[in-house]
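Asker: Could you have a look at this structure, given as structure tokens, before my questions?
The values are calculated or read from the model by the stated rules, or taken from the named source; none is laboratory data. Quick caveat: nothing in here was measured; it's all calculated off a predicted structure. Every residue, glycine among them, receives a Cβ derived from its backbone with ideal geometry; neighbour counts consider all protein chains shown. Remember, those area values only see protein heavy atoms, side chains included, never the ligands or the DNA or RNA. Shrake-Rupley method; radii C 1.70, N 1.55, O 1.52, S 1.80 Å.
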Amino acid sequence: MIITLLGTGTSSGVPLIGCTCEVCRSVDFRDKRLRTSVHIAVDGRSFVIDTGPDFRQQVLRLNLQQLDAVLFTHEHKDHTAGLDEVRAYNFRSGKDMPIYGRPTVLAQLQREFAYVFAEQKYPGTPHVQLNNIVNKPFDVLGVQFIPIEVMHHKLPVYGFRVGDFTYLTDLNYISDSELDKVYGTKILVLDALQRLPHISHFTLDQAVALANRVGADRTYFVHISHKLGLHKEVEKELPATIRLGYDGLQIKL
């Protein structure tokens with residue numbers, strides 16, 4: 001399995017438009033963060049979790065030639081806005097793109113991208129195949145995904161476990177029963193927005209505490225705000241098994 005962090009930034013990205021803080025002015029490439037998304041290459045298959053506003057830029061940077069399915073964690077725009085770009089893969093494969101999400105997510109996509117689902121489709125629009133998921137393991141082209149339900153303030157969000165990799169973004173709460181699904185994972189990717197308390201995201205301290213509780217071989221933080229601080233400085237504070245993710249980081253399992 002090869003995991004690529006396509007984006008590691010919060011909903012506004014980093015740098016934030018118009019901001020002159022030291023993080024937004026940083027020349028360190030690790031402080032340039034597109035919206036959070038991940039690519040998973042496993043067993044000859046290619047999956048993306050979430051197609052945010054930067055999806056086109058992300059897959060071009062990765063030179064991603066094959067995409068077999070898209071999974072969605074939740075319906076917020078910073079995780080769905082790039083759905084239109086899957087049409088490039090329709091053109092390449094000649095097939096509909098399977099997309100997976102809970103009913104509320106699929107309903108939101110049908111509203112926001114109504115032209116994709118219209119009876120009289122405009123030529124060249126994306127072709128997708130909707131697949132409803134619930135909180136039970138499901139198979140995508142021979143690869144098993146285990147949903148992990150977390151809370152993003154009052155919004156239920158799905159993280160996913162694939163083999164020894166677990167991906168949890170946009171959360172500030174996970175129940176003990178859902179956390180049981182995470183134990184034993186070797187690679188954990190986890191939300192860590194900023195230092196100060198937030199209504200719907202883990203702080204750095206909360207993320208570190210959960211990472212220590214899970215005890216994965218390696219944990220990488222994502223969905224990072226410019227408020228967290230400079231990449232090189234924050235990493236000095238972290239335990240050896242916990243790192244900040246950065247755009248383009250590849251992790252092999």
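Asker: Scan the stretch 85-99 for residues that are open to solvent by 30 Å² or more (accessible area, probe 1.4 Å) and outside any loop (DSSP other than H, G, I, E, B) and jot them down. Give the steps one after another, and end with the answer.
Answerer: Going residue by residue through the stretch 85-99, those that are open to solvent by 30 Å² or more (accessible area, probe 1.4 Å) are 85, 87-88, 91-96.
If the condition is that a residue be open to solvent by 30 Å² or more (accessible area, probe 1.4 Å) and outside any loop (DSSP other than H, G, I, E, B), then GLU85, ARG87, ALA88, PHE91, ARG92, SER93 are the ones that fit.
Asker: Checking THR73 against (1) surrounded by 13 or more Cβ atoms within 10 Å (Cβ to Cβ); (2) polar (S, T, N, Q); (3) part of a helix (DSSP H, G or I), only one condition comes out false. Which one?
Answerer: Every condition holds for THR73 apart from (3).
Asker: Right, something else. Just checking, how many residues over the stretch 173-193 are out of contact with any Pro (no Cβ under 9 Å at 6 or more places or on another chain), in a loop (DSSP other than H, G, I, E, B) and open to solvent by less than 70 Å² (accessible area, probe 1.4 Å)?
Answerer: Qualifying residue count, the stretch 173-193: 7.
Asker: Do you know which residues across the stretch 49-70 are part of a loop (DSSP other than H, G, I, E, B) and open to solvent by 10 Å² or more (accessible area, probe 1.4 Å)?
Answerer: Here is the first cut: in the stretch 49-70, the residues part of a loop (DSSP other than H, G, I, E, B) are 50-54, 63-68.
Hits for the stretch 49-70 are PRO53, ASP54, ASN63, LEU64, GLN65, GLN66, LEU67, ASP68.
Asker: Residues ILE99, ILE49, ILE40: which one is β-branched (Val, Ile, Thr), under 26 Å from TYR246 (Cα atoms), out of contact with any helix residue (DSSP H, G or I) (no Cβ under 7 Å at 6 or more places or on another chain) and free of Cβ contacts under 8 Å to residues at least 40 places away in the same chain? It would help to see each step written out before you state the result.
Answerer: Values: ILE49 fails: free of Cβ contacts under 8 Å to residues at least 40 places away in the same chain; ILE40 fails: free of Cβ contacts under 8 Å to residues at least 40 places away in the same chain.
Step by step, each of ILE99, ILE49, ILE40 is checked, and only ILE99 is β-branched (Val, Ile, Thr), under 26 Å from TYR246 (Cα atoms), out of contact with any helix residue (DSSP H, G or I) (no Cβ under 7 Å at 6 or more places or on another chain) and free of Cβ contacts under 8 Å to residues at least 40 places away in the same chain.
Asker: Given (1) open to solvent by less than 40 Å² (accessible area, probe 1.4 Å); (2) touching a residue at least 60 places away in the same chain (Cβ under 8 Å), identify the lone condition not met by LEU141.
Answerer: Exception for LEU141: condition (1).
Asker: Return only the number of the condition from (1) part of a loop (DSSP other than H, G, I, E, B); (2) open to solvent by less than 10 Å² (accessible area, probe 1.4 Å); (3) not polar (S, T, N, Q) that LEU196 does not satisfy.
Answerer: With (1) part of a loop (DSSP other than H, G, I, E, B); (2) open to solvent by less than 10 Å² (accessible area, probe 1.4 Å); (3) not polar (S, T, N, Q) applied to LEU196, the lone miss is (2).
Asker: Which condition does VAL222 not pass, out of (1) at negative phi; (2) free of Cβ contacts under 8 Å to residues at least 40 places away in the same chain, if it passes all the others?
Answerer: (2)
Asker: Taking TYR115, is it open to solvent by 10 Å² or more (accessible area, probe 1.4 Å), assigned to a loop (DSSP other than H, G, I, E, B) and aromatic (Phe, Trp, Tyr)?
Answerer: On the way: open to solvent by 10 Å² or more (accessible area, probe 1.4 Å): yes; assigned to a loop (DSSP other than H, G, I, E, B): no; aromatic (Phe, Trp, Tyr): yes.
No: the conditions fail for TYR115.
Asker: Might you let me know whether the stretch 25-48 holds any residue that is open to solvent by 10 Å² or more (accessible area, probe 1.4 Å), within 15 Å of the chain's Cα centre (by Cα), farther than 16 Å from VAL189 by Cα and of a type in the set (S, T, N, Q)?
Answerer: no
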